[in-house]
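J.: Please see the structure below; I have some questions.
The values are calculated or read from the model by the stated rules, or taken from the named source; none is laboratory data. For clarity, every value in this text was computed on a predicted model and none was experimentally measured. Glycine also receives a Cβ, built like all others from the backbone with ideal geometry; neighbour counts cover every protein chain displayed.
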Amino acid sequence: MKRRLSIGLLLALALSCGQPKKQAPQAPATREFPMAEIPMMITQPEQRAEWLAQHFWDPFTQPDKLYYCDSLTVNGVNVEKLEQQVGLFASILQQISIPVGQEAMKAAFGRLEAFQRVHPKGNTFARTSALISRYFYDPNSPVRCEDLYLPYVSLLAASDLVSAEDRGQYAWDTKVCELNRMGTPAADFTFVDIAGRRRTLYGVKADYTLLIFGNPDCSACRDIMEQMASSPEISALIAEGRLKVVDVYIDEDLDLWKAKKDTYPKEWINGYDPDYVIRTDRLYAVRAVPSLYLLDEKKNVLMKDAPQEQVLAVLPSL
């Protein structure tokens, strides 16, 4: 005997068989960061690096299409992968001269700004600019370089795509980056040494001067002391008088400095800023300690607020 199915059950079966089940919406697929292809006729390593630096952002900012954008995706590229590419861009710029690198930064800004004007609803300009600022300007970045960041931040300070409040901050950052640029004379100043004598930076005579703005409680500062002391090449430079190390304390707690001033190497010139002119007048952009400057015999800036790894790598070859 056949069983009768209720009308409700028949309708349920019909609906379940006749219509596909609804699936949760899926996030749009991301794409790989599009790399610029260096022309085959460019064979010299330096020329290849210069070309790639100049055209690095061209494929990513092709104006014909805007890819998916959200909090984790920038023009179709996952933000973590985009950050990796900014790091690669920074490493490429380290292989070329500062003037050529500055032109590459201008080109990057031009491409990103133009793309944003074509696609104003996207997030490409703001998110990429934030990553560039972090890599080239953040005091904790191992690849920071204010001279390379200068052309980019000066354009940010003048762009109508940036809010008025942010333009003001970028204008200040521009002034900071303009201080003591590489290849220019370092700003002179007066400091008091460990013996209580007033001295000037330009009064220190040597082929090279390593200027350190540090703090006796700074672990990175102690690490610099240990690494320099363990290097026979650097120790020889100091012993021969070719390299002078000038460590200046610029904070207000002089009791801290006086209590620990004897912990500095005796071969160094150790002192403090008695009038706080470095911090208040912004003679130097000390945004974090330690802040290192390498100067030549005439006190021209060879390295400005450079990461300690870079400075310690250069010193033995002086």
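Residues checked against (1) among the aromatic types (Phe, Trp, Tyr); (2) surrounded by 22 or more Cβ atoms within 10 Å (Cβ to Cβ):
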{"position": "Ala104", "(1), (2)": "no, yes"}
{"position": "Ala107", "(1), (2)": "no, no"}
{"position": "Arg117", "(1), (2)": "no, no"}
{"position": "Lys121", "(1), (2)": "no, no"}
{"position": "Ala130", "(1), (2)": "no, no"}
{"position": "Phe136", "(1), (2)": "yes, yes"}
{"position": "Pro139", "(1), (2)": "no, no"}
{"position": "Val143", "(1), (2)": "no, no"}
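Here is a yes/no grid of residues against (1) of a type in the set (A, V, I, L, M, F, W, C); (2) not in a strand (DSSP E or B):
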residue: Ala236; (1), (2): yes, yes
residue: Lys258; (1), (2): no, yes
residue: Pro274; (1), (2): no, yes
residue: Thr280; (1), (2): no, yes
residue: Ala285; (1), (2): yes, yes
residue: Leu294; (1), (2): yes, no
residue: Glu297; (1), (2): no, yes
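J.: Return the residue satisfying two criteria in turn: it lies in the stretch 248-278 and is charged (D, E, K, R) and closer than 17 Å to Ala187 by Cβ, and of such residues it is modelled with the lowest pLDDT.
T.: Applying the filter and picking the extreme gives Asp275.
J.: Please enumerate the residues belonging to the stretch 262-318 that are among the charged types (D, E, K, R) and more than 16 Å from the chain's Cα centre (by Cα).
T.: Asp262, Lys266, Glu267, Asp273, Asp275, Arg279, Asp281, Arg282, Asp296, Glu297, Lys298, Lys299
J.: Here is a follow-up. Would a scan of the stretch 126-133 turn up a residue that is part of a helix (DSSP H, G or I) and farther than 22 Å from Thr30 by Cα?
T.: Within the stretch 126-133, one or more residues are part of a helix (DSSP H, G or I) and farther than 22 Å from Thr30 by Cα.
J.: Of the residues that make up the stretch 182-197, is at least one in contact with a Cys (Cβ under 7 Å, 6 or more places away or on another chain), within 21 Å of Tyr135 (Cβ to Cβ) and outside any strand (DSSP E or B)?
T.: Scanning the stretch 182-197, I find no residue that is in contact with a Cys (Cβ under 7 Å, 6 or more places away or on another chain), within 21 Å of Tyr135 (Cβ to Cβ) and outside any strand (DSSP E or B), so the answer is no.
J.: Pairs please, first residue from the stretch 31-51 and not assigned by TED's automatic domain parsing to the domain that holds Ala104, second anywhere and small (Gly, Ala, Ser), Cβ atoms under 8 Å, 6+ apart in sequence or on different chains.
T.: Arg31/Gly76
J.: Would you pick out the residues in the stretch 59-78 that are touching an Asp or Glu at 6+ places or on another chain (Cβ under 9 Å) and of a type in the set (A, V, I, L, M)?
T.: Result: Leu72, Val77.
J.: Here is a further query. Looking only at the stretch 34-83, filter to residues that are under 21 Å from the mean Cα position of the chain (by Cα) and assigned to a loop (DSSP other than H, G, I, E, B); which one of those is farthest from Ala130 (Cα to Cα)?
T.: Step by step, filter the stretch 34-83, then rank; the result is Phe56.
J.: So which of Ala206, Ala220 ends up being assigned by TED's automatic domain parsing to the domain that holds Ile278, in a helix (DSSP H, G or I) and small (Gly, Ala, Ser)?
T.: Answer to the check: Ala220.
Listed here are the residues, each with its yes/no results for (1) touching a strand residue (DSSP E or B) at 6+ places or on another chain (Cβ under 7 Å); (2) small (Gly, Ala, Ser); (3) free of Cβ contacts under 8 Å to residues at least 40 places away in the same chain.
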{"position": "Val192", "(1), (2), (3)": "yes, no, no"}
{"position": "Arg198", "(1), (2), (3)": "yes, no, no"}
{"position": "Gly203", "(1), (2), (3)": "no, yes, yes"}
{"position": "Ala206", "(1), (2), (3)": "yes, yes, no"}
{"position": "Phe213", "(1), (2), (3)": "yes, no, no"}
{"position": "Ser219", "(1), (2), (3)": "no, yes, yes"}
{"position": "Gln227", "(1), (2), (3)": "no, no, no"}
{"position": "Ser230", "(1), (2), (3)": "no, yes, yes"}
{"position": "Glu233", "(1), (2), (3)": "no, no, no"}
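J.: Considering only the stretch 146-174, state which residues are surrounded by 15 or more Cβ atoms within 10 Å (Cβ to Cβ) and either touching a residue at least 60 places away in the same chain (Cβ under 8 Å) or among the aromatic types (Phe, Trp, Tyr) (or both).
T.: Matches in the stretch 146-174: Glu146, Asp147, Tyr149, Tyr152, Tyr170.
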